[in-house]
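*Asks:* Dropping a structure here in structure tokens format, bear with me for questions.
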Amino acid sequence: MSPKAETYEKLTREYRDIATLGTCEAILSWDEVTYMPEGGAEHRANQKALLAGMFHQKATSPAIGNWLSELESSELAKNGHPQAANVRELRRQYDKMVKLPESLVTEITRVTSLAHPIWVEARKKNDFKSFLPSLEKIIELCRQKADAIGYKEQPYDALLDDYEPNTTSAQVERVFSALRADLVPVLEKIVGGTKKSPVEIVERSYPQAAQQAFSEHAAAAIGYNFGTGRLDVTTHPFCTQIGPGDVRITTRYNEKRFNDAFFGVLHEAGHGIYEQNLRRDEFGLPTGEACSLGIHESQSRMWENFVGRSHAFWEHFFPAAQKHFPEALGKVSVDDFHFAVNDVRPSFIRVEADEVTYNLHIMLRFEMELALIRGDLQAKDAPAAWNEKFKNYFGLQVKNDAQGCLQDVHWSAGLFGYFPTYALGNLFAAQFFAKADTDLGGLHAQFRKGQFEPLRKWLTDKIHVHGRRYPAPELVQQVTGKPLSAEPLITYLKGKFYPLYGAK
Ligand code: CO
């Protein structure tokens, strides 16, 4: 073995250890929100803090920096080598971690963990003022973080980079403003259409046990592997990789609404399918990790919406749904059921929003975040700014901050820069889905027959196996032959919802 290859081996072993440490944190966190008794909270916090310290220490060790420098001057770092992508991405990751002073990292952790219960109370009591001091502190810390990391154009870029690497605010602004210009009139036409969704159908009685059985049946059918996964109950649904061969998802059940658990499970299963099909032999290295949060979300939104809310999907699954829910669905037609799960209307709460209005919720948050981080908007003025934007976007008057700027957990957790990835996920999903549809010769005909494997395999071959080998913008270009644009999503929404709603 050449000296460089030996160094690469050392680096690989070190990152496998770091990743393994990360997965210890993952299983503790998963247990914390699924099965841990209340009394375990304090010791669990100690366990996690200890691991976080060990993780940070290992991930910022000077030895890694030296190995990377050594490799960067070698053949291994030449473009084209699969190792080159790992060296490039590890350097990005390492430099960023080293630039962040440990005192700042600790302070962010401390302030956000204190802010969480304050936010929960503020939302419950609809009292923005009690959350304001926390929000001000968090924004200040996010600015410090951006300054420490550095940026070319504006501080928000440094924050966005944590979730959507290689993408700038300016790029997001460009694609969002194109999307907004098209989306607003499309929504008006859909809402003003001649037909109304029989949404009452999905608000009948859906017993939890049957929901679980049916959701698991559908998740397995689209390719989520229960041999390397499982489904449990949590307040906030998520997907987590405990390690190669163990990718878990969670959901919550509402017996009065079919959509929450079923489409939630398809969504998390979409994340899970991505994680389950990453390269196991590259575990711990960037090429064995998800590309970006936007690409991750494209996988979940694709299975949830582009597949799971399609008419073809229900042509296949509706008889099984009727068997699981004979009382609610015994006398319902597949057309009415499909229309019911595709109810579109402007509403206050992002997580309950439909496919058409969802992206508007994200654009509003992105505009707010940009202004808050730039300092164009003061935290104390956030509620008024939110409400004004909401009126503009949705034509709705926000009645209280709980249904306004206090609704989401992200700001209390310091996750400025995260929201755009949700809408980017929808845009990526539309562009990938259109290409897969062409490549595979008509996906809906396959869904009608219950065939989901060709799409799953296409996604694995084109996206999953690369991990972070290509930055997201490059991956999109490579997979679809075009840069990211709003056009495929708009075409998809019109094609699906205009006929459904009798809109022209
Ligand atoms: Co998601």
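*Asks:* How much length is gained if the chain between Thr106 and Gln397 is pulled fully straight, taking 0.36 nm per residue apart and subtracting their Cα-Cα distance, in nm to one decimal?
*Replies:* Values: separation 291, 0.36 × 291 = 104.76 nm, distance 3.92 nm.
Fully extending the segment from Thr106 to Gln397 adds 100.8 nm.
*Asks:* Okay, moving on. Taking the Cα centre of segment 259-368 as the origin, how large is its charge dipole in debye, to the nearest 20, when only Lys and Arg (+1) and Asp and Glu (-1) carry charge on their Cβ atoms?
*Replies:* 60
*Asks:* Can you give me the distance in nm between label points at Asn66 and Phe238, each placed 7 Å from the Cα along the Cα-to-Cβ direction?
*Replies:* For the pair Asn66/Phe238, the computed spacing is 3.6 nm.
*Asks:* For n ≥ 4 DSSP H runs only, could you compute -39500 (n - 2.57) per run for the chain, divide by its residues and tell me the 222 nm figure to the nearest 500? All intermediate terms of the calculation are to be shown ahead of the outcome.
*Replies:* Details: 21 runs with 313 residues, N = 504.
Theoretical 222 nm ellipticity from helices: -20500 deg cm²/dmol.
*Asks:* Compute the separation of the alpha-carbon centres of segment 223-245 and segment 29-81 and state it in Å as a whole number.
*Replies:* Here the two parts' Cα centres lie 21 Å apart.
*Asks:* Continuing with this model, one more query. Just check segment 158-213 against the gyration tensor rule for me: Cα atoms, a ≥ b ≥ c as the square roots of the eigenvalues, rounded for a/c under 1.5, and otherwise prolate or oblate depending on whether a/b exceeds b/c.
*Replies:* Note, shape of segment 158-213 comes out oblate.
*Asks:* Assuming 0.36 nm per residue, please report the length gained on full extension of the stretch Lys48 to Asn225 beyond their Cα-Cα distance. Write down the numbers at each step before the final one.
*Replies:* On the way: separation 177, 0.36 × 177 = 63.72 nm, distance 2.85 nm.
Extending this stretch completely gives an extra 60.9 nm.
*Asks:* Looking at this model, which pairs from Lys124/Lys496; Lys10/Lys99; Lys391/Lys457; Lys323/Lys391; Lys196/Lys323; Lys256/Lys496 are more than 32 angstrom apart at the alpha-carbon?
*Replies:* Numbers: Lys124/Lys496 37 Å; Lys10/Lys99 23 Å; Lys391/Lys457 43 Å; Lys323/Lys391 43 Å; Lys196/Lys323 26 Å; Lys256/Lys496 26 Å.
Lys124/Lys496; Lys391/Lys457; Lys323/Lys391, as the Cα separations exceed 32 Å there.
*Asks:* Sticking with the crude label model, points 7 Å out along Cα→Cβ, report the distance from Glu136 to Thr491 in nm, one decimal please.
*Replies:* Here the answer is 5.0 nm between the modelled labels.
*Asks:* From the phi of every residue in segment 432-445, what ³J(HN,Hα) in whole Hz does the Karplus formula 6.51 cos²θ - 1.76 cosθ + 1.60 yield, where θ is phi - 60° and glycine or proline is x?
*Replies:* These are the phi-based 3J(HN,Hα) values: 5, 4, 4, 5, 4, 4, 5, 4, 9, x, x, 6, 4, 4 Hz.
*Asks:* In addition: Starting from the Cα of Lys48, draw a straight line to each of the aspartates and glutamates and keep only those under 19 Å, dropping any in the same chain fewer than 8 residues away.
*Replies:* Cα-Cα hits under 19 Å: Asp17, Glu25, Asp31, Glu32, Glu38, Glu102, Glu107.
*Asks:* Which residues does the label zone of Ala5 cover in segment 51-92, counting backbone N under 19 Å from a point 7 Å along Cα→Cβ?
*Replies:* Taking a point 7 Å out along Cα→Cβ of Ala5, the residues of segment 51-92 whose backbone N falls under 19 Å are 68, 70-87.
*Asks:* Okay, moving on. Could you put Arg174, Arg345 in order of accessible surface area, largest first, with the 1.4 Å probe and the full protein assembly present? Walk me through the numbers before you get to the answer.
*Replies:* Working: Arg174 155, Arg345 110 Å².
If we order Arg174, Arg345 from most to least accessible, we get Arg174, Arg345.
*Asks:* Got a sec to turn the phi values of segment 297-305 into Karplus ³J(HN,Hα) couplings, 6.51 cos²θ - 1.76 cosθ + 1.60 with θ = phi - 60°, whole Hz, x for Gly and Pro?
*Replies:* 5, 5, 6, 5, 5, 4, 6, 5, 9
*Asks:* In whole Å, how far is the Cα centre of segment 108-142 from that of segment 250-299?
*Replies:* 28
*Asks:* For Tyr35 and Arg280, calculate 0.36 nm times their separation in residues minus their Cα-Cα distance, and state this gained length in nm to one decimal. Before the final figure, lay out the partial values.
*Replies:* Working: separation 245, 0.36 × 245 = 88.20 nm, distance 2.77 nm.
Contour length minus Cα-Cα distance gives 85.4 nm.
*Asks:* Would segment 439-491 count as rounded, prolate or oblate if I go by the C-alpha gyration tensor, calling it rounded below 1.5 in a/c and otherwise prolate when a/b exceeds b/c, oblate otherwise? Let's see the in-between values first.
*Replies:* Numbers: a/c = 3.06, a/b = 1.40, b/c = 2.19.
Verdict is oblate for segment 439-491.
*Asks:* Would you be so kind as to identify which of Leu455, Ala379, His116 lies farthest towards the positive end of the dipole of the chain, taking Lys and Arg as +1 and Asp and Glu as -1 on Cβ and the Cα centre as origin?
*Replies:* Among Leu455, Ala379, His116, the one farthest towards the positive end of the dipole of the chain is Leu455.
*Asks:* Now, a different point. Sorting check: for 253-265, 221-233, 188-200, which peptide has the highest mean count of neighbouring beta carbons within 10 Å, and how do the rest follow?
*Replies:* Details: 253-265: 19.3, 221-233: 17.4, 188-200: 14.4.
Listed from highest to lowest mean packing, they are 253-265, 221-233, 188-200.
*Asks:* Lys/Arg Cβ at +1, Asp/Glu Cβ at -1, dipole of segment 227-310 taken about the Cα centre: which of Gly272, Trp303, Ile242 is farthest positive-ward?
*Replies:* Toward the positive end, the furthest listed residue is Trp303.
*Asks:* Taking the Cα of Lys58, stepping 7 Å toward and past its beta carbon, and measuring to each backbone N in segment 1-31: which are under 12 Å?
*Replies:* Under 12 Å, as judged by backbone N against the label point of Lys58, lie 13-26 of segment 1-31.
*Asks:* Still on this structure: If the only charges are +1 at each Lys and Arg Cβ and -1 at each Asp and Glu Cβ, what is the size of the charge dipole of segment 370-437 around the Cα centre, to the nearest 20 debye?
*Replies:* Details: 6 positive and 6 negative charges, 12 e Å.
My answer is approximately 60 debye.
*Asks:* Could the peptides 361-374, 33-46, 452-465, 327-340 be put in order, highest first, of the mean number of other beta-carbon atoms found within 10 Å of their residues? Present the calculation step by step, with values, prior to reporting the outcome.
*Replies:* Values: 361-374: 21.0, 33-46: 10.9, 452-465: 17.8, 327-340: 16.3.
So the peptides 361-374, 33-46, 452-465, 327-340, ranked by packing, come out 361-374, 452-465, 327-340, 33-46.
*Asks:* Treating only the Cβ of Lys, Arg, Asp and Glu as charged (+1, +1, -1, -1), what charge dipole size does the chain show about its Cα centre? Round to the nearest 20 debye. If you can, show how the numbers build up before the last one.
*Replies:* Numbers: 59 positive and 64 negative charges, 167 e Å.
Value, rounded to 20: 800 debye.
*Asks:* Select from Ala434, Leu364, Phe348 the residue farthest towards the positive end of the dipole of segment 169-501; place +1 on Cβ of Lys and Arg, -1 on Cβ of Asp and Glu, and compute about the Cα centre.
*Replies:* Checking the options against the dipole of segment 169-501, the answer is Ala434.
*Asks:* Scaled to the compact-protein estimate 2.2 N^0.38 Å, what is the alpha-carbon radius of gyration of the chain, rounded to two decimal places?
*Replies:* Values: Rg = 23.0 Å, N = 504, 2.2 N^0.38 = 23.4 Å.
Compared with the compact-globule rule of thumb, the chain sits at 0.98.
*Asks:* What FRET efficiency comes out for Lys189 versus Ala148 if R0 is 45 angstrom and r is the Cβ-Cβ distance? Round to the nearest 0.05. Provide the component values of the computation, followed by the final result.
*Replies:* Details: r = 47 Å, r/R0 = 1.04.
Efficiency at R0 = 45 Å is approximately 0.45.
*Asks:* Now for a different question. Kindly write out, for segment 280-294 in residue order, the coupling ³J(HN,Hα) from the Karplus curve 6.51 cos²θ - 1.76 cosθ + 1.60 (θ = phi - 60°), rounded to whole Hz, with x marking Gly and Pro.
*Replies:* Per-residue couplings from phi come out as 5, 5, 9, 3, x, 9, x, 5, x, 10, 4, 5, 6, 5, x Hz.
*Asks:* For segment 169-501, calculate the relative contact order in percent as a whole number, restricting contacts to Cα pairs under 8 Å that are 6 or more residues apart.
*Replies:* Details: 473 pairs, mean separation 82.0, N = 333.
That works out to 25 percent.
The values are calculated or read from the model by the stated rules, or taken from the named source; none is laboratory data. Given the structure is predicted, the values throughout are model-derived calculations rather than measurements. Backbone-built Cβ (ideal geometry, glycine too); neighbour counts: all protein chains shown. These area figures cover heavy atoms from the full protein model, side chains too; ligands, DNA and RNA do not enter into them. Shrake-Rupley method; radii C 1.70, N 1.55, O 1.52, S 1.80 Å.
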